[in-house]
1. Kirkwood Rh over Cα pairs of segment 1-121 into Stokes-Einstein at 25 °C, 0.890 mPa s: D in µm²/s?
2. For segment 107-208, list log₁₀ I(q)/I(0) at each q in 0.22 Å⁻¹, using the Debye formula over Cα point scatterers of equal strength and ignoring solvent, two decimals each.
3. Given the C-alpha atoms of segment 149-199, compute the convex hull and give its volume per residue in Å³.
4. Give, to the nearest whole percent, the P(r) tail of the chain beyond 28 angstrom, counting all Cα pairs.
5. Would you grab the residues whose amide H sits under 5 Å from the one on Asp132? Only those 5+ places off in sequence or on another chain, please, with H modelled 1.01 Å from N.
6. Which trypsin sites (Lys or Arg not before Pro) in segment 132-190 sit in a loop by DSSP (not H, G, I, E or B) and have at most 16 other Cβ atoms within 10 Å of their own Cβ?
7. Please provide three numbers in whole Å: the alpha-carbon extents of segment 57-138 along the principal axes, with the largest listed first.
8. So for segment 51-90, considering every pair of alpha-carbon atoms, how many percent are separated by more than 10 Å?
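The values are calculated or read from the model by the stated rules, or taken from the named source; none is laboratory data. The structure presented is a predicted model; accordingly, all values stated were derived computationally and were not measured. Reconstructed Cβ throughout: ideal geometry from the backbone, glycine too, with neighbour counts over all protein chains shown. Side chains are part of the model used for accessible areas, which takes the heavy atoms of the whole protein and leaves out ligands, DNA and RNA. Shrake-Rupley method; radii C 1.70, N 1.55, O 1.52, S 1.80 Å.
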Amino acid sequence: MLLGQRYILFLGAGVSATSQDPQGNRPPAWGEFLDKACNLVTAKPQKTAIKKLIKEGKLLIALQAIKNGSDQADYQNLLNHHFNNAGYIPSDLHQIIYNIDSRLLVTTNFDKIYERYCNSFHGANLAYKVLDYRSQELADEVRSDTRLIIKAHGTIDQVGNMIFTRSEYHKAKQDYPHFYDVLKSLFMTNTIVFIGCGLEDPDIMLLLEDVRVTGRHLKPHYALTKKGSRNRFLIEDWKSTYNIQVLEYGPNHSDLIGDMQNLLTKLETARAEAAGAA
């Protein structure tokens, strides 16, 4: 799939969810987070309306309503509790992704699990640079040899700048158009491999709606999904609308690690053969 191609790995919440702290806690998925965040809203009619939005799948509107209807200190504390746990231990999947060694990696995750794992090997050398959507240096860094982790929706380090609602996303697009121009170029000139992403999740869809990756008609992008977890009509829509081809693993979530390890093994073999022929 990736041999001989320019590719970028795109990490979603499913990658972070493979981590856990010593107590067994994991970063929450969208649905789980919204259920807990909804409890911050004290007005019963408002909470009932928000739960209805969640049930209908209108997650971005629900989150905006939660943010508007809750105490902002409580809201930020909830974000920190779930996304800023320094005790989250990287999983085997993080190790495999690191060893695949994609120079450019994009993520909508707010946590710092993967970047901490990367930089733990390099100490003060900081071989990986971490840039978010506010960076004015992204284009220059992309053209350099620097390994980059691009946090498209911000980081838990700066809760006030995290993109978590539709209004926050549109404000970011208005204030930082340069970032989205660069991101669109990356999507148009590289094969994107989505790992741990629910492509119906709001954070992913916001980006896809903007970059419209349908520009590469002959060479598709790829999304790794668990076998049987996606409706075939949804899969067909991803292909026709975004040129994203689904690669299924399974039947269990744990099978992803084995398939990713097989991919890594093939890449390492190809790299060794190329080095021997040089």
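1. For these conditions, the coefficient is 152 µm²/s.
2. Ignoring solvent entirely, the Cα scatterers give -1.42.
3. Values: hull volume 5.7 nm³, N = 51.
Measuring per residue, one finds 111 Å³ for the Cα hull of segment 149-199.
4. 37 percent
5. Lys151
6. Numbers: sites: Arg134, Arg143, Arg147, Lys151, Arg166, Lys171, Lys173, Lys184; in loops: Arg134, Arg143.
Sparse-neighbourhood loop trypsin sites (Lys or Arg not before Pro): Arg134, Arg143.
7. Largest to smallest, the principal-axis extents are 43, 31, 28 Å.
8. Looking at segment 51-90, the distances longer than 10 Å represent 73 percent of pairs.
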